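S.K.: Input: one structure, supplied below.
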Amino acid sequence: MPSNTSLLVRAAFRQPVERTPVWVMRQAGRYLPQYREVRARAGSFLDLCHTPELAAVVSLQPLELMEVDAVIMFSDILTPLMGMGVSLDFDPGPVIHQPIREESDIRRLVLPDPSESCAYVGRLLNLLRQELRDRVPVIGFAGAPFTLASYLVAEEKGKNMAYLTRLLFDEPTLAHRLLDLLTRMTIDYLNYQIENGAQVIQLFDTWAGTLRADEFDVYALPYVQRIFSALNQKGEVPTIYYINGSHHLLDRLMSTGADVISLDWRADIGSVRARLGDKVALQGNLNPNVLFCDPTVIRTKTAEILQKFGSGSGHIFNLGHGIDKDVNPEHLLHMVRSVKELSQRQPT
Ligand code: CP3
């Protein structure tokens, strides 16, 4: 590994770092007035995703304004589904126009070539790498099959787990066909991102925490394992796996193949490290609502997480879920600066 490898990549591989790297899920988003301005210029959220020059501008905003240690490409976990023939919109959450109900719906889905269906993502990654010149790494991402499926079947907003549970348990054969197809699409999509410059990959499985552990073994884990094992440049491009509510699944997370496990805020990062920390790095895990508190509290709570993790490499500071759209950007900046100041250490 070259010695100029970024702080975040070194922490992901549990190699020596001078301090804890920090970035935030949804760091490019509506809490920033500068984001809202560019989004208005683009027209809609989807127009913004599909216009690489503007998507690059909003991807880079948190680097300048919030001083984070990584840039995440601006997109959404659901946009690659459009290449499979899915018609969708955002309002602001995802709306699927023809939710998957039966076999014929799944048969209509195609396995796209990402260099055609997601060329705008390749172009965005190229632009970000050119602009950044390795100042900080670029994070690419995708939704995990279970979480993507939960949106694809939702016939009513906010009811995605009700509809997905029905598909999984009433029609397991169909459910597995859908999950298999999403897995193949995701492997091609992530390898396309890596080819185009993504230096870290995060797989978002927001909803997998709603499964019982033995069900997770059937409906989520095998697909996630397939994805991580099929990624090119393993050992050079670190992988991060995020679940909201993963506490009952911790032992399983060891076998996903991810280099980093991203924890939600309910977990005690110190105890998790004691259980898993010699095998994976950990990301997280400040309660996102702490950013609504007074700056002195934000600093104390940030210090608590750093202290719980303890010394040595293997920690990427982040929130336990995405940043809320009503957070004061100065509060996030205060958190980022606190992480940097409080985690200064000798290389270990
Ligand atoms: O800054 C970043 O992290 C990069 C961009 C990003 C977005 N969505 C932009 C976005 C990323 C990584 C995502 C991931 C995503 N999208 C997830 C997984 C993470 C999580 O939050 O659990 C999920 C489940 C989605 C699906 C999705 N897209 C939802 C539920 C919503 C509504 C969000 C809300 O807060 O109401 C979206 C829309 C979306 N994706 C927005 C942004 C900035 C807001 C839309 C807008 O600007 O109008």
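S.K.: Which one is farthest from residue 226 (Cα to Cα) among residues in the range 255-264 that are more than 13 Å from the ligand (Cβ to nearest atom) and open to solvent by less than 30 Å² (accessible area, probe 1.4 Å)?
M.R.: 263
S.K.: When you scan the range 1-87 for helices (runs of 4 or more DSSP H) that lie fully inside it, which ones turn up with 3 or more residues that are charged (D, E, K, R)?
M.R.: Result: 33-42.
S.K.: Does residue 124 meet the test of being assigned to a helix (DSSP H, G or I), within 26 Å of residue 321 (Cβ to Cβ) and within 12 Å of the ligand (Cβ to nearest atom)?
M.R.: Considered against the rule, which asks whether it is assigned to a helix (DSSP H, G or I), within 26 Å of residue 321 (Cβ to Cβ) and within 12 Å of the ligand (Cβ to nearest atom), residue 124 comes out as yes.
S.K.: Given the conditions (1) at positive phi; (2) surrounded by fewer than 18 Cβ atoms within 10 Å (Cβ to Cβ); (3) touching a helix residue (DSSP H, G or I) at 6+ places or on another chain (Cβ under 9 Å), report the number of the one that residue 134 does not fulfil.
M.R.: For residue 134, the exception is condition (3).
S.K.: Quick check: is even one residue across the range 223-246 touching a helix residue (DSSP H, G or I) at 6+ places or on another chain (Cβ under 7 Å), assigned to a helix (DSSP H, G or I) and free of Cβ contacts under 8 Å to residues at least 40 places away in the same chain?
M.R.: No, the range 223-246 has no match at all.
S.K.: Select, from 5, 20, the only residue that is modelled with pLDDT under 95, among the β-branched types (Val, Ile, Thr), touching a Phe, Trp or Tyr at 6+ places or on another chain (Cβ under 9 Å) and closer than 30 Å to residue 345 by Cβ.
M.R.: Unique residue meeting the criteria: 5.
S.K.: Do we have any residue at all in the range 193-200 that's more than 16 Å from the ligand (Cβ to nearest atom) and among the polar types (S, T, N, Q)?
M.R.: Yes; the residues of the range 193-200 include at least one that is more than 16 Å from the ligand (Cβ to nearest atom) and among the polar types (S, T, N, Q).
S.K.: Now a separate question. Of the conditions (1) in contact with a Lys or Arg (Cβ under 8 Å, 6 or more places away or on another chain); (2) modelled with pLDDT under 95; (3) closer than 20 Å to residue 259 by Cβ; (4) of a type outside the set (S, T, N, Q), residue 277 satisfies every one except a single condition; which number is it?
M.R.: (1)
S.K.: Just the residues that are open to solvent by 30 Å² or more (accessible area, probe 1.4 Å) and in contact (Cβ under 8 Å) with a residue 12 or more places away in the chain, please, taken from the range 272-292.
M.R.: Residues satisfying the conditions are 273, 275, 279, 287, 289, 292.
S.K.: Taking the conditions exactly as written (surrounded by fewer than 22 Cβ atoms within 10 Å (Cβ to Cβ) and part of a helix (DSSP H, G or I)), does residue 252 satisfy them or not?
M.R.: The answer is yes for residue 252.
S.K.: Hey, any hits in the range 300-315 for a residue that's open to solvent by less than 10 Å² (accessible area, probe 1.4 Å), within 15 Å of the ligand (Cβ to nearest atom) and in a loop (DSSP other than H, G, I, E, B)?
M.R.: no
S.K.: Would you mind stating whether residue 148 is more than 14 Å from the ligand (Cβ to nearest atom), in contact with a helix residue (DSSP H, G or I) (Cβ under 6 Å, 6 or more places away or on another chain) and either open to solvent by 20 Å² or more (accessible area, probe 1.4 Å) or within 17 Å of residue 183 (Cβ to Cβ) (or both)?
M.R.: Judged against the criteria, residue 148 is not a match.
S.K.: What are the residues in the range 88-118 that are outside any loop (DSSP other than H, G, I, E, B), out of contact with any Pro (no Cβ under 9 Å at 6 or more places or on another chain) and small (Gly, Ala, Ser), if any?
M.R.: Answer for the range 88-118, where residues must be outside any loop (DSSP other than H, G, I, E, B), out of contact with any Pro (no Cβ under 9 Å at 6 or more places or on another chain) and small (Gly, Ala, Ser): 104, 115.
Residues checked against (1) open to solvent by 40 Å² or more (accessible area, probe 1.4 Å); (2) within 15 Å of residue 82 (Cα to Cα); (3) within 13 Å of the ligand (Cβ to nearest atom):
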position	(1), (2), (3)
93	no, no, yes
158	yes, no, yes
162	yes, no, no
168	no, no, no
176	yes, no, no
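Let's see how each residue does on (1) under 18 Å from the mean Cα position of the chain (by Cα); (2) closer than 27 Å to residue 274 by Cβ; (3) of a type in the set (D, E, K, R):
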site: 146; (1), (2), (3): yes, no, no
site: 151; (1), (2), (3): yes, no, no
site: 164; (1), (2), (3): no, no, no
site: 176; (1), (2), (3): no, no, no
site: 179; (1), (2), (3): no, no, no
site: 200; (1), (2), (3): yes, yes, no
site: 221; (1), (2), (3): yes, yes, no
site: 231; (1), (2), (3): yes, no, no
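S.K.: Run residue 129 past the list (1) more than 16 Å from the ligand (Cβ to nearest atom); (2) over 27 Å from residue 70 (Cβ atoms); (3) open to solvent by 60 Å² or more (accessible area, probe 1.4 Å) and report the number of the one that doesn't hold.
M.R.: Result: residue 129 fails condition (2) only.
S.K.: Then there is this: Please find, within the range 20-36, the residue that is farthest from the ligand (Cβ to nearest atom) out of those that are among the basic types (Lys, Arg) and over 30 Å from residue 311 (Cα atoms).
M.R.: 36
S.K.: Determine whether residue 57 is within 14 Å of the ligand (Cβ to nearest atom), open to solvent by less than 10 Å² (accessible area, probe 1.4 Å) and free of Cβ contacts under 8 Å to residues at least 60 places away in the same chain.
M.R.: No; evaluated as a whole, the condition is false for this residue.
The values are calculated or read from the model by the stated rules, or taken from the named source; none is laboratory data. Bear in mind that the values here come from a model prediction, so they are computed numbers and not experimental data. We place every Cβ from the backbone using ideal geometry, glycine too, and count neighbours over all the protein chains shown. Only protein heavy atoms, including side chains, enter the accessible area calculation; ligands, DNA and RNA are left aside. Shrake-Rupley method; radii C 1.70, N 1.55, O 1.52, S 1.80 Å.
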